[in-house]
Amino acid sequence: MRPVDFIGRVLKVENKESISKVEGTIFQYEDKIKKTSGWQGNFLKWTNEEGLLAAQRAGERLLLVCNDGRQGEIVLQPDVADWGTGMRFRGVGSLSPATVPPAWRLLDRTRAEDGNPDPT
C-alpha cells in the first residue's frame, strides 16, 4: 500500500463516541531490524486536541474511521514540541481495505517523478 491521505474521525472503540474529526496520512512500514511491520501515520489536522490527549492518557481504545471505508484500531503517540503537538499514531492489528473511493480529491499518487504512471 502506498501512502494514503484521508479524512475521518477518531472514535472510542467501546461506545463509538466520536472524539475528533481528523485529516492525515496512513502508510505501511517494515522494520527489518526489529522484524516488525504494520501501519501507522500522522494527523495533519484535528478538531479536538484535548479530547484526543485525554483519551490517550486514560488508556482508551481508539478507532480510526476514514471517509473511504478504511477502519482500524490505533494508539496515539503525541509528540510535544515547542511549536505545538504533533499527532502520530500506530495501527493495532490490521487496517480494513477501502470500500468506496473518496470524493474530496484523488488520493492515488498516479505519476512518478519521471512522469510515468506508478506501477500498481
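For the stretch 90-99, give me each residue that is surrounded by 14 or more Cβ atoms within 10 Å (Cβ to Cβ) and assigned to a loop (DSSP other than H, G, I, E, B). Residues satisfying the conditions are Leu95, Ala98. Would a scan of the stretch 1-24 turn up a residue that is surrounded by 11 or more Cβ atoms within 10 Å (Cβ to Cβ), of a type outside the set (A, V, I, L, M, F, W, C) and touching a Pro at 6+ places or on another chain (Cβ under 7 Å)? Checking the stretch 1-24: not a single residue is surrounded by 11 or more Cβ atoms within 10 Å (Cβ to Cβ), of a type outside the set (A, V, I, L, M, F, W, C) and touching a Pro at 6+ places or on another chain (Cβ under 7 Å).
Checking each residue in the stretch 44-89 for being surrounded by 13 or more Cβ atoms within 10 Å (Cβ to Cβ), among the charged types (D, E, K, R) and part of a strand (DSSP E or B) picks out Glu73, Arg88.
Residue selection: Gly51 fails the criterion of being over 17 Å from Val22 (Cα atoms), more than 11 Å from the chain's Cα centre (by Cα) and modelled with pLDDT of 85 or more.
I'd like to know if the stretch 32-41 contains one or more residues that are in contact (Cβ under 8 Å) with a residue 40 or more places away in the chain, within 17 Å of Pro78 (Cα to Cα) and not hydrophobic (A, V, I, L, M, F, W, C). Scanning the stretch 32-41 turns up at least one residue that is in contact (Cβ under 8 Å) with a residue 40 or more places away in the chain, within 17 Å of Pro78 (Cα to Cα) and not hydrophobic (A, V, I, L, M, F, W, C).
The values are calculated or read from the model by the stated rules, or taken from the named source; none is laboratory data. Everything quoted here is computed from the prediction, not taken from an experiment. Cβ: placed from backbone, ideal geometry, glycine included. Neighbour counts: every protein chain shown.
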